[in-house]
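Worksheet: one structure, shown below.
All of the numbers you see were taken from the coordinates with simple rules; none came from a lab. Quick caveat: nothing in here was measured; it's all calculated off a predicted structure. Using ideal geometry, Cβ is built from the backbone for each residue, glycine included, and neighbour counts are taken over all protein chains shown.
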Amino acid sequence: MASTGDLEPTHYPARRAAQVALHYLNTHHGSPFRVFGLQQVHKASAEDVAAGGRKYKLDFSVTDWGSGSAGPALRCSADVLFPRTERHSAPEVQLHCEALHQINSTAQEEDAFYQKYISPDSTVSARDIPDSFGNMSEEMQPFWRLARVAASFIMLRESSENTEFNMAKVASVTQQESSEEQLMLEFVVLLHDFPSQEIVQWKLLASWSPDRGVRVLQTEWQPRCPHATKPPN
Amino acid sequence: MKGSVISVLVVLAVLDRLAGGLEHRSYDYTKYHTMDEIGFKSTTPKKAVWMDCGIHAREWIAPAFCQHFVKEILGSYKTDSNVNMLFKNLDFYITPVLNMDGYIYSWRDKTTRLWRKSRSPGTGNCTCFGTDLNRNFYANWGMVGISRDCCSDIYNGPTALSEPEAKAVTDFLGAHQNEVLCYLTIHSYGQLILIPYGHPNISAPNYEELMEVGLAAAKAIKAVHGTSYKVGTAPDILYANSGTSRDFARLIGIPYSFTFELRDKGNYGFILPEDQIQPACEEAYQGAMSIVNYVHDKNFKSAATTATL
């Protein structure tokens, strides 16, 4: 039931495309102290493209979850292309946000966090962040954000016009041996998809440093039920 | 009001007695038939408002909201003339945890926290548990937004009303069809107010009015803590679906039928932190009361109704 041309900004097609742009934004600019969330879609349009696929043009605002509702909203524009291929392939995003470099720097917190955990003795390991009651220790918050940013790589890759992903919780974080001066973290994350209402579990290996940002090195889909064998896509 | 306070305790006592931890125990869901109402006794016919919370197990903020709502109305009817008037003309039927099996299961341990469905055992060859109660109602059942895979989180059940929870609500609403003016069903997350219908090609006859009422409720919500809620049909603002309780209520003629999707928008999702429970409930209360007041004023033009305590 796709319409071409202007889209209603409050309706789900625009929102799902904006969420994809958000995942892209977080993969590039997310950190242990910065995760962006969608505030509002202002304008949206979509058209089918010649090569097969659908391109969305979006005008939207985002906020940094870290600063809560007190934080400034950043205005962004994005083109999101959902390819139409036999087998699923990742959407392509082009994104521009105003004043990205003007938002409050988190360099100090990032450095302190990095110095604390890059030491060879550091062996962080934790489960269920947050716990069932939404509680998360202050120490775990940067790890939760890192997981959320790393999960954005997966959510971006797995997204289509028929999905809408958020991270439901971090099942586990296990620090691995640092490599090339990068913090190495193995996460198991639980993702929630709105249309199917499914909880999808992924194990991933991510690296981070203040200089290089977040990179995801390995991902592995995890079956939830013992008898389930095939991944969603 | 003694009768009304006792009615809340009856509901909670029933829940407590049935919380035995065994799944798909034959809970006597006919207790919903004999559910007591919250409101003043009256010699003139009253209308009713239904609110259910916790159709989906993992949406914990919803049962919290029902409890908050009950606490607010019972705590204010003596001093708040508006609530006092509502009690004169309306009865409130409130079920704080509709999906008892699922909710109890979601409390079991950290691995069960994100359970959604009922806990009925799979039928036939199915090795998975549970049916999505909000796809199981006899309202365009099976048409859209469902899965026939019994392991799916949107499995709509072997048949419509296969689940005793859905059947109990259906029977109750059917029996009180002429009384119930307003049907509210509380979920999370998304910060949405959804109006019927879940099928993209079907419109409620009072769509315009439902949108107006929904938008007024969203405005009331925003006034509390600045939280934005979007309003629209499910196929417009969320996704198409069928077999929902909201659609069933509208289809049998209950004119004002809304789904609330409470906080947040995906940051914490189902696992809302403790410090957000109170504000989430406060704002949703204003939204719900906005709708209840509209419905009341439309049906009770004068406040002069004979009522006794």
Filtered hits (aspartates and glutamates, Cα-Cα < 15 Å from A:Lys43, offset >= 8 within chain) -> A:Asp6, A:Glu8, A:Asp59, A:Asp79
Could you work out the helix-only [θ] at 222 nm for chain A, with each DSSP H run of four or more residues adding -39,500 (n - 2.57) and the total divided by the number of residues, to the nearest 500 deg cm²/dmol? -7000 deg cm²/dmol
Between B:Arg119, B:Arg250, B:Arg108, find the one with the highest GNM mean-square fluctuation for chain B; connect C-alpha pairs within less than 10 Å. B:Arg108
What angle do you read, to the nearest 10 degrees and between 0 and 90, between the alpha-carbon axis of helix B:207-225 and the longest principal axis of chain B? 80
Run the reach check for B:Lys78 against lysines, Cα to Cα strictly under 25 Å, same-chain hits fewer than 8 apart removed. What comes back? B:Lys2, B:Lys41, B:Lys46, B:Lys47, B:Lys88, B:Lys298, B:Lys301
Stretchable slack from B:Thr44 to B:Ser162, in nm (0.36 nm times residue separation minus alpha-carbon distance): 38.8 nm
Return the lysines within reach of A:Lys169: Cα separation strictly under 29 angstrom, same-chain partners fewer than 8 residues apart disregarded; answer none if there are no such residues. A:Lys116, A:Lys203, A:Lys230, B:Lys110, B:Lys117, B:Lys222, B:Lys230, B:Lys265
Using only Cα atoms, find the angle between the long axis of helix B:164-175 and the longest principal axis of chain B, and express it within 0 to 90 degrees, rounded to the nearest 10. 30
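Would you please give the FRET efficiency between B:Asn206 and B:Lys78, computed as 1/(1 + (r/R0)^6) with r the Cβ-Cβ distance and R0 = 30 Å, to the nearest 0.05?
Values: r = 34 Å, r/R0 = 1.14.
Approximately 0.30, to the nearest 0.05.
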GNM on chain B, Cα springs under 10 Å; top mean-square fluctuation among B:Gln191, B:Gln67, B:Gln278 goes to B:Gln278
Using the basic label-point model (7 angstrom from Cα toward the beta carbon), what is the A:Glu220 to B:Ser228 distance in nanometres? 4.1
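When Cβ neighbours within 10 Å are restricted to other protein chains, what is their mean count per residue of peptide B:149-158? Intermediate values should be presented prior to the final figure.
Values: counts 0, 0, 5, 3, 6, 4, 0, 0, 0, 0.
Mean inter-chain Cβ contacts per residue within 10 Å come to 2.
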Return the distance in nm (one decimal) between the two label points of a simple spin-label model at B:Ser147 and A:Gln141, each offset 7 Å from Cα along Cα→Cβ. 3.5
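222 nm [θ] for chain B, helices only, -39500 (n - 2.57) per DSSP H run of 4+, per residue, to 500? Intermediate results must be reported in sequence, preceding the final value.
Values: 9 runs with 114 residues, N = 309.
Rounded to the nearest 500, it is -11500 deg cm²/dmol.
Set the Förster radius R0 to 56 Å, insert the Cβ-Cβ distance between B:Ala175 and A:Lys43 as r into 1/(1 + (r/R0)^6), and round the FRET efficiency to 0.05.
Working: r = 48 Å, r/R0 = 0.87.
Result of the calculation: an efficiency of 0.70.
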Angle between chain B longest axis and helix B:277-299 axis [Cα atoms, degrees, rounded to 10]: 60
Give me the inter-chain shielding for B:263-270: mean count of other chain Cβ atoms within 10 Å, whole number please. 6
Placing each pseudo-label 7 Å from Cα in the direction of the beta carbon, B:Gln286 and B:Arg108 end up separated by a distance in nanometres of 4.0
log10 I(q)/I(0), Debye, Cα-only chain B, no solvent, q = 0.08, 0.10, 0.12, 0.13 Å⁻¹? -0.32, -0.51, -0.76, -0.90
Among A:Gly66, A:Gly52, A:Gly213, the residue with the largest mean-square fluctuation in a Gaussian network model of chain A built from Cα contacts under 10 Å is A:Gly52
When the chain is fully extended, how far beyond the present Cα-Cα distance does A:Leu100 get from A:Ala51, taking 0.36 nm per residue of separation? 14.4 nm
Taking chain B and a Cβ-Cβ threshold of 4.7 Å, the cysteines left without a partner are B:Cys182, B:Cys281
